[in-house]
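Working notes, beginning with the structure itself.
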Amino acid sequence: MADSDNNFIGLNSRLDPSNLAPGFCQESYNMRLQRGAAQPRKGTKRLTTEELNTKVMVGSGYYNNSSGQDCIALVFTDSLYIYNTEENLLSAPYVFPVQIISGTDYYRGIAQGGVCDVVQANNTLYIFRGQEVDARKGTGGDAGNCGINLAHASVANNASVTVTAIMTNSFIHNYSVGDEVTVFNIIDGQHGSINNSYIVTEVTGTSVFKFVYTNKTGANINASTATHACCVRAKPPLEWDGSSLSLTFVPQYSIAGNIQTGTYNSINGSLPPSDFGLYYQNRIVCKFTNTNIAVSDILSESVDFTFNNFNINQGGNDRIIGVLPWVDNKLVIFMAKSIYLAYLEPTVYSVGGAVGINSTLTVITTEIGCLARKSIVSAGQYIFFLSGKGIHRLDPQLDLKLLGNTLPLSEPVDSFFDIFNFSAAASTVACYYDNRFFIAMPTNGSARPNQVLVYNTLNQNWETIDTYPYGLYVDDMEVCNYGRKRRLFITTRFNGLSVATVTADSNVVDISSEVDTMYVGQPIVSVGGLVSAIPANTQIQSVLSQTSFTMTHAATESGTVNMSLTFGGIFLTEEYENGDQFNSVGGTPFLPFTITIPVDPPTDVTSIIQSSSSARLFPIDARIKSREYIFGSSNSKRFSRAEFQFINSVGDYVDIVASTHDPDIKQTIMGYAFSGSNDLATTLRPRIALRGASIDIEIQFKVGRPALKSAVIYAIVANRNMISEE
């Protein structure tokens with residue numbers, strides 16, 4: 001008897017493997033199931049060098065420059081870098097707004113782990129740094145409702161003056177020097193221009209703070225001893241025009257909920273501090289509270305807070321997670337427990353045009369919500385997203401109305417969620433590329449995405465789980481042009497330097513904070529501190545813990561050393577044939593075993609031999625495990641042999657492992673190195689000689705990318721035994 005898989009179309013890890021239909025596998029790692037064959041994915045190529053390893057990266061996003069070229073914006077705590085994927089060029093840093101106070105630079109920056117979202121709109125790159133979360137100090141602009149009284153000397157046009165803010169009406173502040181504070185609700189006509197965002201320059205207890213105001217009104221401003229105002233700590237969006245050497249912040253002349261009059265009132269509001277934003281129909285859409293979406297005027301960053309905002313499910317113990325553009329001037333708004341559809345009525349199309357009064361908000365479902373903003377991806381007619389029940393898909397009907405399915409799309413791979421770290425679900429990111437939906441998720445306790453589920457929209461099935469070298473986290477994904485073709489890029493955040501303590505004549509290093517990306521053979525780069533204490537070409541010899549390791553050379557001095565032990569950067573996917581390039585541009589490649597090379601190898605064999613000057617590659621753990629072959633019954637069988645058809649290249653190597661069930665026996669039945677020419681069809685016929693009720697086969701792809709086209713298992717059904725056996 002024979003049982004076979006003549007093609008491979010999907011992954012299903014939920015069902016019992018003996019119940020799977022032909023063409024489905026129970027496990028698939030780092031594989032691509034295309035045109036019926038199963039083939040390992042290609043490896044990543046690291047595009048950025050180690051020059052940024054000393055910096056702390058907080059986010060990234062897509063950017064298109066003035067020449068129309070695709071770029072990736074890399075956002076650090078105090079600066080912005082632009083990587084041009086079409087020319088493979090990294091820009092110099094564009095610094096964030098900074099104010100020098102007592103000789104110290106205070107940036108309008110982003111703390112490590114802080115909110116960061118990159119949006120391009122109106123030929124400007126915006127960086128959103130989080131919504132307003134602090135309690136406001138005061139509610140009005142009169143003496144009885146204000147939160148602060150401002151005192152300052154007279155100031156001429158284009159001159160600056162220090163303003164003293166004195167808390168009043170029982171309000172106190174918790175500000176520190178360098179904090180960003182927005183002053184608002186000044187209704188005094190002459191001093192209304194002070195409504196804006198400032199960096200705190202001096203603090204006296206909890207009752208007084210100071211900031212510097214620059215007069216740009218075109219007229220002199222008189223001194224004041226008690227200008228009534230309110231204040232709140234908030235981070236306004238940053239903006240970059242694409243050419244300046246530094247960024248600026250979006251002025252906060254009129255924030256949401258103010259009672260100001262004159263030029264800067266609620267109708268002419270400023271783009272607010274927000275968790276995220278997007279550009280749609282020539283409008284900026286941003287989330288500025290947990291239940292509010294603000295929509296700017298056409299081709300403007302001005303917001304009408306009176307009419308141009310949606311208040312969604314307020315009081316329903318829900319919060320906005322993300323927003324996705326849809327057809328016919330509609331936005332799909334994802335909340336944690338529900339999904340809504342917003343319609344923006346386009347009454348006018350001129351610059352500054354507001355949203356129409358017939359704009360509406362309707363509910364799609366209250367049965368499911370979304371866990372991660374960057375998991376929301378549109379792919380043709382579908383919308384994919386991560387919910388608390390798994391990965392879902394919204395499908396449009398004939399009238400283009402969206403319908404949510406209560407059965408998760410991820411139901412066939414439901415077992416994957418046993419290792420999913422739900423506490424870090426918000427870090428999940430997704431992307432649609434090459435007819436595949438990629439969703440990177442944190443697993444096995446990781447706080448950052450370290451495994452990628454892949455759904456093949458052509459096969460209409462889940463395809464594989466992608467894994468990468470330890471430390472190569474999928475913090476974001478972008479699709480950009482590279483070599484005249486759209487390609488998928490991974491960005492992994494830089495985490496800066498680790499402070500370490502070394503002792504002369506000792507090779508043990510103790511680190512002040514945990515590092516989860518250390519491995520044996522990792523090169524050590526010292527920056528600052530006792531650089532001379534670490535000899536050149538030193539590597540990690542053994543990892544003792546996440547805060548300790550030994551070096552291949554003993555330290556020459558005792559003291560504190562700054563070390564670069566984490567690697568971030570931009571990685572091009574599907575590039576190398578034999579592995580993933582992660583932490584080093586060059587070096588000896590890592591191979592999973594020793595390969596014996598013939599005395600006179602063919603020219604093509606050089607694809608698996610790399611010198612120290614070649615890219616340093618980590619082997620890809622590519623493997624696929626078939627369904628259980630039961631031959632129509634659960635009776636005991638004798639499995640004689642198997643046939644596997646491959647399309648291979650010279651030097652490819654596979655291990656074939658057979659596992660029987662009842663009794664359970666696991667055995668490697670063949671290890672094979674392919675020879676001959678490239679793109680050669682080869683059939684392997686290993687002997688099995690095992691007995692059991694069922695059998696499954698695992699193909700482990702050790703070297704190269706041979707494509708598995710079919711698998712056939714031959715067995716003889718034994719006569720039924722008269723007695724039961726263990």
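What follows draws every value from the coordinates through simple rules; no lab data is involved. Just so you know, these numbers come straight off a predicted model, no measurement behind them. Here the Cβ is made from the backbone with ideal geometry for all residues, glycine too, and neighbour counts use every protein chain on show.
What to note about this one:
- Taking amide H atoms as placed 1.01 Å from N in the peptide plane, the amide H of Lys702 lies under 5 Å from those of Tyr653, Val654, Asp655, each 5 or more residues away in sequence or on another chain.
- In this structure, Asp664 and Ile419 have a Cβ-Cβ separation that, at R0 = 25 Å, corresponds to a calculated FRET efficiency of about 0.60.
- The string of couplings for region 88-101 from the Karplus curve (6.51, -1.76, 1.60, θ = phi - 60°) is 6, 10, 9, 6, 6, x, 9, 7, 6, x, 9, 10, 8, 10 Hz, one whole number per residue in order, with x for Gly and Pro.
- Residue-span extension gain [Ala135 to Gln546] - 0.36 nm each, minus C-alpha spacing: 144.1 nm
- Rounded to the nearest 0.05, the FRET efficiency derived from the C-beta distance between Val161 and Thr54 at R0 = 30 Å is 0.20.
- Debye, to nearest 20: dipole size of the chain, +1 on Lys, Arg Cβ, -1 on Asp, Glu Cβ: 740
- Neighbourhood charge, 9 Å Cβ-Cβ cut-off, centred on Ser13 and excluding it, Lys, Arg +1 and Asp, Glu -1: -1
- Between Thr365 and Ile339, the built amide H atoms are under 5 Å apart, and every one of these is 5 or more places off in sequence or on another chain.
- Remark: spin-label model distance Glu514-Asp241 equals 4.6 nm, labels positioned 7 Å along the Cα→Cβ axis.
- Projecting the Cα atoms of His661, Thr162, Asn265 onto the charge dipole of the chain (Cβ charges, centred on the Cα centre) puts His661 farthest toward the positive pole.
- Between Arg486 and Ala21, the modelled labels are 3.0 nm apart [label points 7 Å from Cα along Cα→Cβ].
- Cα-projected label distance for Ala426 with Ser207, points at 7 Å along beta-carbon direction, nm: 3.7
- Cross-link pairs beyond the 29 Å C-alpha cut-off, checked among Lys42/Lys337; Lys45/Lys287; Lys666/Lys702; Lys287/Lys389; Lys374/Lys485: Lys42/Lys337; Lys45/Lys287
- Amide H to amide H, with H built 1.01 Å from N, Thr54 comes under 5 Å of no residue 5 or more places away or on another chain.
- Ranked by the mean number of other Cβ atoms within 10 Å of their residues, highest first, the peptides 30-41, 547-558, 290-301 come out as 30-41, 290-301, 547-558.
- Paramagnetic reach from Tyr107 in region 464-506 [backbone N under 15 Å; point 7 Å along Cα→Cβ]: 494-497
- Förster-model FRET efficiency, 35 Å R0, Arg35 and Tyr279, C-beta, rounded to 0.05: 0.40
- Segment Asn265-Ala143, extension gain: residue separation times 0.36 nm, minus the distance between their alpha carbons: 41.9 nm
- Net length gained if the chain between Asn537 and Ile100 were fully extended (0.36 nm per residue, minus Cα distance): 153.4 nm
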